[in-house]
Every structure is written in C-alpha cells, then in structure tokens.
Amino acid sequence: MIEWTDQQIQAFQTTLLTWYDQEKRDLPWRRDHDPYHVWVSEIMLQQTQVQTVMPYYNRFMAQFPTVADLATAPEAKLMKAWEGLGYYSRARNLQRAARQIVDEYGGEWPQTAAGLQKLAGIGPYTAGAIASIAFNEPVPAVDGNAFRVFARLLKIDDDIAKPQTRQVFEQVISRVISQERPGDFNQAIMDLGSSYMTAKNPDSEHSPVKAFNQAYLDGVELDYPVKTKKPRPVEVAYYGLAIQQGDRTLMVKRPSDGLLANFWTYPLIAKADVVALSDADPADVSDEAALALVPQWVKANYGLTVTVTPIGGRPVTHTFTHRKWVVTLLTATVAADADLSFFPGKWLDSVEISTMAFPKVQDKLFKRMIKEKPMYRG
DNA sequence: CAAGCGTGGTA
DNA sequence: TTACCAAGCTT
C-alpha cells in the first residue's frame, strides 16, 4: 500500500470533482439531496445495478412519496412494489426504519452517520452515503466501488471479503475525502468505479485519475482488489406440486425467516425428504422410485391424498446466492372437499394471485405450468 | 465472524 | 453453463 502526501490528496480531489462536475450521471435520485430520496435509492442499490433500480425507484416514489406514506403503507403493497428486486428484507427494514423515524424521531432524520446507523437496514455504507450526500458530513461511504477504486489507486492488498478490512479503507478514505464536498466525492468514486475502474474490463488508460492509479501504473490493476472467492451454490432438488381446481390453486406460505420469508409458493418438497421414506440407501433410489413415494410423503406431512403426474420438459432451475434449486414440477389432484387442517397453506384464487407479490422462482413455476398445461392459466 | 440473503447482466 | 459481479445488512 502506498500513501499520498497532502499535496497529492488535494490534486486528487480537484481532479476527481472536476471530472464529476462534467460527467456525473443524471439519475432520478440525484435531482435533489432529500434524505428520503437518497435513502430509498441507496437501499435499492445495495447489491443491485443502477439500471435495474431505476424503474423500481420511480414507481416507489410515485406510490410512497414521503417517509410517512411508507410508514403507513400496507405490507402487501410494499412487497408488490419490491417484487422481483430481491433481498426482500431490505423492503421490510425500509418500512421499519420509516416507522422509527415517524414514531421515535418525530419525523426528523438523524443527521449523522452514527445516528443513521441506528435505523433498521442502514449499515456503515448506507449511513455514510446518506450522511455525506444529504447532510454534508465528511464521512466515507465504502461500497464495492470504493473498495475496488482505492485498492487499485493505493495498491491496498487487504482482503476485502474480510469484515475487518472495512476499517482500513474507512481510515484511508477519511483522510482523502473532500471536507467541502463529501457527498460529491463519495458519488464520484462510485461513478468512477462503474465507468473507468470497473471490475472486469477497466479502461484506466482514459480514466481521469489515471495518474493516481498506482496498480494501473505498475501494470497489476487486475490483481486488485484482493478478494477471496465464495463457494459455489449448493444444489437442492425439489418436487413442486401444481394443484389446481378450476380458478383456485393450492399454495403454501414460507416461514417468516430465512430464504424468501413469507412468500407464497407451490408446495415444494425436498427430494431428499421423499427419498428418506425408502428403506434403501438414498443413493440407490431411482427417480421413478422417488416419484412414486411423493404421495406417501404428502399423506404423512399434509394429511392429503394426492395423485401426481410429472409434466414434460426439464426441471425449473433457479439460482440464489448460495443455493441452486432444481424443481421437478408435478401436477397433482386432491379431492374437492379435502381436509386442509394439516396443510401449511390454502387455496388462492386468480384474483388474489394477481395482486400478490411472488419471488422469481415461483414466477418461473407459474410460467412453466402455463406453457405445459395452458388450461392451468388462472 | 462467517454465513445467509435475490436477481440480472456479462464473459 | 459456469463464474463472478452489482451503490450491503443482519445475526
């Protein structure tokens, strides 16, 4: 890691901010510095690309114009607005924080990074971003861009996958940040990281801060930032039960914590659980034998008598950060007066379904059913 | 602290 | 297809 002199820091700030003044992106949340606008955009932008966020942000502001509107919004409407954006706890925390602001802070925003971080869903990065952009506090906002940009500029070789490394960068940036224009400084770093100093195909030759980019100057730009790799997603096989009677579909609500918390899906049965019903070694149970055990599992766990039929085509796959689901879709039938008292779900009609939020994987399952069995279109 | 938590884009 | 990345936070 190299260090800059005060003079170099001054030159860097001037170069960066001059470039930013000329080339900054025109984004919906940059029309003003309203903390509500900055906040909502920053939450949406967590682990999510600008292009993806834009339509969500615009719709969100139309539906929930103020923090008070968000605080009192029905959860179903909130989730529908967030549908497809992922990391759904962000939306729930957003509303929690809105209620904190209204109920505990009398509608007044904490105006420092330390104060902001007490709000649900606001961590060190987001607190720094809001504090610097909306309240002009000279604090760093260390996101993936800041990690990458400063790792290259100064050849910082700490592993950015390790939580403790954040402190190293916060300390460095605290010294380098513009005291006069901290919000613009932080946003300029992000713009730089998403234009010239990208992860894969950087174009530092044309970067405004080329002369400050020590990793580039030394020809080792792609060695930075140092980041340990994550393991690949674990594959999990499920049977998905499409059970429909006329206009209604039998669905289950997922637990209130964990993956896709509180969302409704088709009943999803882990293939491993079904195979476990067999006396044979799990590795020796054929696909056909496993399929034949599904009704037994359903009877034992849901108290329902079903007959199942596999649909055509490949399984539906969906990859999360740490899991890959492989869902074999089965159509199933149950008696019209089936007793659902042991079933962890209920019938949903097409009107309900059309107003509810569903995760992408269920969306894929709906689409596959319509494709394979057009009469299932609700 | 390490692991869990979604989705879409790109090479 | 796989691998990795994209304005992270919570437990």
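The values are calculated or read from the model by the stated rules, or taken from the named source; none is laboratory data. Source: prediction; values computed, not measured. A quick note on method: Cβ atoms are made from the backbone with ideal geometry, for glycine too, and the neighbour counts reach across all protein chains shown. Heads up: the accessible areas ignore ligands, DNA and RNA and are worked out on the full protein's heavy atoms, side chains in. Shrake-Rupley method; radii C 1.70, N 1.55, O 1.52, S 1.80 Å.
Note down the relative contact order for chain A as a percent, whole number, built from C-alpha pairs under 8 angstrom at least six residues apart.
Relative CO of chain A lands at 15 percent.
Give the span of chain A's Cα atoms along each principal axis, as three whole-Å numbers ordered largest to smallest.
78, 50, 33
For helix A:50-63, what angle does its Cα long axis make with the longest principal axis of chain A, in degrees from 0 to 90 and rounded to 10?
80 degrees
Of A:Gln179, A:Gly123, A:Tyr239, which is farthest on the positive side of the dipole of chain A, counting Cα position, with +1 on Lys and Arg Cβ, -1 on Asp and Glu Cβ, and the Cα centre as origin?
In chain A, that residue is A:Tyr239.
Around A:Leu268, under 13 Å between beta carbons, what's the net of Lys plus Arg minus Asp minus Glu among the other residues?
+4
Among A:Gln111, A:Thr52, A:Gln22, which residue has its Cα positioned farthest towards the positive end of the charge dipole of segment A:6-223, with +1 placed on the Cβ of Lys and Arg, -1 on the Cβ of Asp and Glu, and the dipole taken about the Cα centre?
A:Thr52
For chain A, what is the mean residue ellipticity at 222 nm derived from helices alone (per DSSP H run of n ≥ 4: -39500 (n - 2.57); sum divided by total residues; nearest 500 deg cm²/dmol)?
Computed mean residue ellipticity for chain A: -12500 deg cm²/dmol.
Which pairs in the list A:Lys155/A:Lys230; A:Lys162/A:Lys271; A:Lys162/A:Lys324; A:Lys118/A:Lys324; A:Lys299/A:Lys373; A:Lys80/A:Lys373 are over 30 Å apart, alpha-carbon to alpha-carbon?
A:Lys162/A:Lys271; A:Lys118/A:Lys324
Compute the length gained on full extension between A:Tyr87 and A:Thr333: take 0.36 nm times their separation in residues and subtract their Cα-Cα distance, giving the result in nm to one decimal.
Result: 85.2 nm gained on full extension.
Cut-off 10 angstrom, C-alpha nodes, Gaussian network model of chain A. Which of A:Ala81, A:Ala283, A:Ala11 fluctuates the most?
In this elastic network of chain A, the residue with the biggest mean-square fluctuation among A:Ala81, A:Ala283, A:Ala11 is A:Ala283.
With a 1.4 Å probe and every protein chain left in place, tell me how much accessible area A:Lys299 has, in Å² to the nearest 10.
110 Å²
For an R0 of 30 angstrom, estimate the FRET efficiency from the Cβ-Cβ distance between A:Arg175 and A:Leu222 and round to the nearest 0.05.
Computed FRET efficiency for A:Arg175 and A:Leu222 comes out at 0.70.
If you build a Gaussian network model of chain A, linking Cα atoms that sit under 10 Å apart, which residue out of A:Asn136, A:Asn145, A:Asn58 swings the most?
A:Asn58
Output wanted: per-residue J couplings in Hz (rounded whole) for segment A:66-80, from phi through Karplus 6.51 cos²θ - 1.76 cosθ + 1.60, θ = phi - 60°, x for Gly and Pro.
Running phi through 6.51 cos²θ - 1.76 cosθ + 1.60 with θ = phi - 60° gives 10, 4, 5, 4, 5, 4, 9, 5, x, 4, 4, 5, 4, 5, 5 Hz.
Tell me the trypsin sites (Lys or Arg not before Pro) within segment A:1-76 that lie in a loop according to DSSP and have at most 15 other beta-carbon atoms within 10 Å.
A:Lys24, A:Arg25, A:Arg31
State the percent of C-alpha pairs, over all pairs in segment A:252-378, separated by a distance greater than 22 angstrom.
Beyond 22 Å sits 42 percent of the P(r) for segment A:252-378.
Pairs A:Lys200/A:Lys360; A:Lys200/A:Lys229; A:Lys253/A:Lys364: which exceed 22 Å Cα-Cα?
Beyond 22 Å: A:Lys200/A:Lys360.
Which semi-axes, in whole Å and largest first, does the equivalent ellipsoid of segment A:6-223 have when worked out from the alpha carbon gyration tensor as the square roots of 5 times its eigenvalues?
The answer is 32, 18, 16 Å, longest axis first.
Hey, which aspartates and glutamates would be in cross-link range of A:Lys77, C-alpha to C-alpha under 14 Å, not counting anything within fewer than 8 residues on its own chain?
Filter leaves A:Asp69, A:Glu352.
Starting from the 7 Å offset along Cα-to-Cβ, what nm value, one decimal, do you get for the label separation of A:Ala211 and A:Thr305?
Using points 7 Å along Cα→Cβ, the separation is 8.4 nm.
Might you report the magnitude of the Cβ-based charge dipole of chain A about its Cα centre, with Lys and Arg at +1 and Asp and Glu at -1, to the nearest 20 debye?
Roughly 860 debye, rounded to the nearest 20.
Restricting attention to segment A:29-97, which GluC sites (Glu not before Pro) occupy a DSSP loop and are surrounded by at most 16 other Cβ atoms within 10 Å?
Here no loop site has a sparse enough neighbourhood.
For chain A, with a Gaussian network of springs between Cα atoms less than 10 Å apart, report the residue from A:Asp69, A:Asp281, A:Asp191 with the top mean-square fluctuation.
Judging by the Gaussian network model, the answer is A:Asp281.
Determine the gain in length on full extension of the stretch A:Gln7-A:Lys360; use 0.36 nm per residue of separation and subtract their C-alpha separation, reporting nm with one decimal.
Gain on extension, A:Gln7 to A:Lys360, equals 122.0 nm.
Dividing the Cα radius of gyration by the Kirkwood radius, what Rg/Rh value follows for segment A:157-292?
Taking Rh as the inverse mean 1/r over Cα pairs, Rg/Rh reads 1.24.
Return one number: the angle in degrees, 0 to 90 and rounded to the nearest 10, between the long axis of the Cα atoms of helix A:360-372 and the longest principal axis of the Cα atoms of chain A.
That helix lies at roughly 40 degrees to the long axis.
Cα centroids of segment A:131-199 and segment A:334-378: how far apart, whole angstrom?
46 Å
Apply the Karplus curve 6.51 cos²θ - 1.76 cosθ + 1.60, θ = phi - 60°, to the phi angles in segment A:139-156 and return the couplings in whole Hz, x for Gly and Pro.
Karplus-based 3J(HN,Hα) across segment A:139-156 equals 10, x, 10, 8, 10, x, 5, 4, 4, 5, 4, 6, 4, 6, 4, 10, 6, 7 Hz.
Multiplying the sequence separation of A:Asn58 and A:Val234 by 0.36 nm and subtracting their Cα-Cα distance, what value in nm do you get?
59.8 nm is the gain from fully extending A:Asn58 to A:Val234.
Using a Förster distance of 22 angstrom, determine the FRET efficiency expected from the C-beta separation of A:Arg99 and A:Ala261, and round it to 0.05.
After rounding to 0.05, the efficiency reads 0.75.
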